[in-house]
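A short worksheet on the structure shown next.
The values are calculated or read from the model by the stated rules, or taken from the named source; none is laboratory data. Computed from a prediction, not measured in an experiment: that's the story for all the values here. Using ideal geometry, Cβ is built from the backbone for each residue, glycine included, and neighbour counts are taken over all protein chains shown.
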Amino acid sequence: MRERTVRPNGMAIKRLRLERGWTQADLADESQIAKRTIENAEAGRPVEIRTLSILATTFGSEVSLTDLFDSQAADASCNADGSATQASDISIPAMHIGNAPSLPSLLIGRERDLANLTARLAAGVSVTERPATQVLTAVRGWPGVGKTTVARAMAHWPQVATAFPDGVLWAALGPSPQILSELLAWGRSLGEESILLSKDIAEASQRITALLRDRRMLLIVDDAWDASHVLPFAVGGRQCAMLVTTRLPSVADALAPTPGDIYHLDVLSEHDSLELLGKLAPQVVERHQKECRELVAELEGLPLALQVAGRLLRAEHAKGWSVPELLRELRDDKAKLLNAQAPADMAASPGEVSPTVAALLQKSTDSLDPTIRKRFASLAPFAPRPATFELEDIMAVWKSDEASARQTIDVLVDRGLLEPLGDGDFQIHQVLVHHANTLLKLLKKR
Ligand SMILES: Nc1ncnc2c1ncn2[C@@H]1O[C@H](COP(=O)(O)OP(=O)(O)O)[C@@H](O)[C@H]1O
Ligand SMILES: [Mg+2]
């Protein structure tokens, strides 16, 4: 594979070096880069992106790869053989994102989550405290809270490019994953066509393990439904880190070595939620401030619900229909929201039609044992706002003794349908309450 070169910001590199009181030889020592290459970089002569990346890491966490680029010279960049490269060709992500999906087209808030996640993953593989174990962080949260979106943003994050200069590998799993073909995609992305000769998952994993031994890469496994699906992707060496997303707390628990390795992705704040709605349906939010605030509170910061509501409102406004009525409907009865199509970026695979919101949520309840599903559904009519329950309330609704209630609660918590708040209190997200309501209606019809 030919490394692409870019024109560095020589002045910036020299300044950063002098600020640290280093000679060029010191910097060469610190970074393990040839002194000759450092002379080139400081003179603004083309160097490999990888070199800049290592320099950024050597200068410390406050320096990012972008700081060492000569953005003015982007057009003048060239390949190792001296031929010109398109400006768009050399943007930092291009070589780093591997087979990851594109940057999200809309991302509200999440700066803190991205900074936290990057810091965790990068610290785990830092040169000074290199561990003998594989670094893994499991991101979990409600369906539709934005796990995939945050993971996509990570793949393009400049600090991730700095910490993992060899790039990112991405696998999308879901309830019934194509494990072998995802692994083959990793092999191809690493430039190793011979991976196609692997006869099974174990062999493909082995080949990739060998390829990754000396690379510094971030491995992202999105939407895991079973811990055993993730194991074939745990192929990173000690300089790699792994980020797994899942809606199932039981999967996060099974994968994360310690509870500290689980990152709970929370809903958006009220402020960010209103901003998101405002981006999607600006005129509506401008004209109906109060009603939109009420709607946002009702949707409890779930980006999936906000996206769908925002699009419905925008369409209604464009058609000139009664927006206040739709606002009221969305607030009081979620049928419209649940029956609407999920945003296009939630389709199972590119080119496919995205499912309805109801279908996305249904995935969480489909595989439940019928008695447990019924118990979950029966909570809906009793759900206060916000929908918090005490163990005693739940026992009363189910007319069950404590042992049996606890057993069911354990399953629902494992499935991410109930969130323990501590002290025997539990919460259901408002959007899941509405899903439970739909289930209940179906059960009654039977
Ligand atoms: N921070 C955000 N800003 C704007 N839209 C978001 C944000 N997070 C998620 N979304 C949108 O909400 C929907 C659900 O997000 P997704 O990442 O697919 O959720 P999850 O993977 O947790 O189920 C997607 O359409 C996504 O584009
Ligand atoms: Mg997802």
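Mind listing whichever residues of the range 296-319 are away from ligand 2 (no atom under 16 Å from the Cβ) and touching a His at 6+ places or on another chain (Cβ under 8 Å)?
Within the range 296-319, the subset away from ligand 2 (no atom under 16 Å from the Cβ) is 296-301, 309-319.
Hit for the range 296-319 is Glu300, nothing else.
Six or more apart or on different chains, Cβ atoms under 6 Å: show the pairs whose first residue is in the range 298-321 and touching a residue at least 60 places away in the same chain (Cβ under 8 Å) and whose second is surrounded by fewer than 22 Cβ atoms within 10 Å (Cβ to Cβ) and in a helix (DSSP H, G or I).
Glu298/Arg331; Glu300/Gln430
Could you tell me which residue of the range 207-217 is nearest to ligand 2 (Cβ to nearest atom), considering only residues that are in a loop (DSSP other than H, G, I, E, B) and over 20 Å from the mean Cα position of the chain (by Cα)? Full working, then the answer.
Our first condition is that a residue be in a loop (DSSP other than H, G, I, E, B); within the range 207-217, this holds for 213-217.
Remaining after also requiring over 20 Å from the mean Cα position of the chain (by Cα): 213-215.
Working: Arg213: 30, Asp214: 31, Arg215: 26 Å.
Ranking the qualifying residues of the range 207-217, first place goes to Arg215.
Regarding Ser322, is this residue surrounded by fewer than 16 Cβ atoms within 10 Å (Cβ to Cβ), farther than 24 Å from Ala436 by Cα and within 16 Å of ligand 2 (Cβ to nearest atom)? Even if it seems obvious, please write down each step before you answer.
Details: surrounded by fewer than 16 Cβ atoms within 10 Å (Cβ to Cβ): yes; farther than 24 Å from Ala436 by Cα: yes; within 16 Å of ligand 2 (Cβ to nearest atom): no.
No.
Is it true that Gly191 is modelled with pLDDT of 85 or more, within 16 Å of ligand 1 (Cβ to nearest atom), out of contact with any Ser or Thr (no Cβ under 6 Å at 6 or more places or on another chain) and not assigned by TED's automatic domain parsing to the domain that holds Glu300? Even if it seems obvious, please write down each step before you answer.
On the way: modelled with pLDDT of 85 or more: yes; within 16 Å of ligand 1 (Cβ to nearest atom): no; out of contact with any Ser or Thr (no Cβ under 6 Å at 6 or more places or on another chain): yes; not assigned by TED's automatic domain parsing to the domain that holds Glu300: yes.
No; evaluated as a whole, the condition is false for this residue.
Test each condition in (1) surrounded by 14 or more Cβ atoms within 10 Å (Cβ to Cβ); (2) within 29 Å of the chain's Cα centre (by Cα); (3) closer than 24 Å to Glu298 by Cβ for Leu368 and report the one that comes out false.
(3)
So that you can scan it fast, the table gives a plain yes or no per residue for (1) more than 19 Å from Val244 (Cβ to Cβ); (2) within 16 Å of ligand 2 (Cβ to nearest atom):
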{"residue": "Val150", "(1), (2)": "no, yes"}
{"residue": "Pro158", "(1), (2)": "yes, no"}
{"residue": "Gly167", "(1), (2)": "no, no"}
{"residue": "Trp170", "(1), (2)": "no, yes"}
{"residue": "Pro175", "(1), (2)": "no, yes"}
{"residue": "Ala185", "(1), (2)": "no, no"}
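Name the single residue, out of those in the range 333-361 being surrounded by fewer than 16 Cβ atoms within 10 Å (Cβ to Cβ) and in a helix (DSSP H, G or I), that is farthest from ligand 1 (Cβ to nearest atom).
Among them, the one singled out is Ala335.
Which residue is modelled with the lowest pLDDT, if the candidates are limited to the range 96-118 and must be farther than 30 Å from Gln427 by Cα and out of contact with any Lys or Arg (no Cβ under 6 Å at 6 or more places or on another chain)? Reasoning before the result, please.
Taking the range 96-118 and keeping what is farther than 30 Å from Gln427 by Cα, we get 96-103, 105.
Next cut, out of contact with any Lys or Arg (no Cβ under 6 Å at 6 or more places or on another chain) only: 96-100, 102-103, 105.
Values: His96: 63, Ile97: 71, Gly98: 79, Asn99: 84, Ala100: 88, Ser102: 85, Leu103: 86, Ser105: 88.
This residue is His96.
For the range 147-161, give me each residue that is away from ligand 1 (no atom under 12 Å from the Cβ) and assigned to a helix (DSSP H, G or I). It would help to see each step written out before you state the result.
Looking only at the range 147-161, we keep the residues that are away from ligand 1 (no atom under 12 Å from the Cβ), and these are 155-161.
If the condition is that a residue be away from ligand 1 (no atom under 12 Å from the Cβ) and assigned to a helix (DSSP H, G or I), then Ala155, Pro158, Gln159, Val160, Ala161 are the ones that fit.
For Pro232, state whether it is within 18 Å of Lys363 (Cβ to Cβ) and not hydrophobic (A, V, I, L, M, F, W, C). Step through it out loud before you land on a result.
On the way: within 18 Å of Lys363 (Cβ to Cβ): no; not hydrophobic (A, V, I, L, M, F, W, C): yes.
Against the criterion (within 18 Å of Lys363 (Cβ to Cβ) and not hydrophobic (A, V, I, L, M, F, W, C)), Pro232 does not qualify.
Which of (1) in contact with a strand residue (DSSP E or B) (Cβ under 8 Å, 6 or more places away or on another chain); (2) more than 16 Å from ligand 1 (Cβ to nearest atom); (3) modelled with pLDDT of 95 or more is the odd one out, the single condition Ser205 does not satisfy?
(1)
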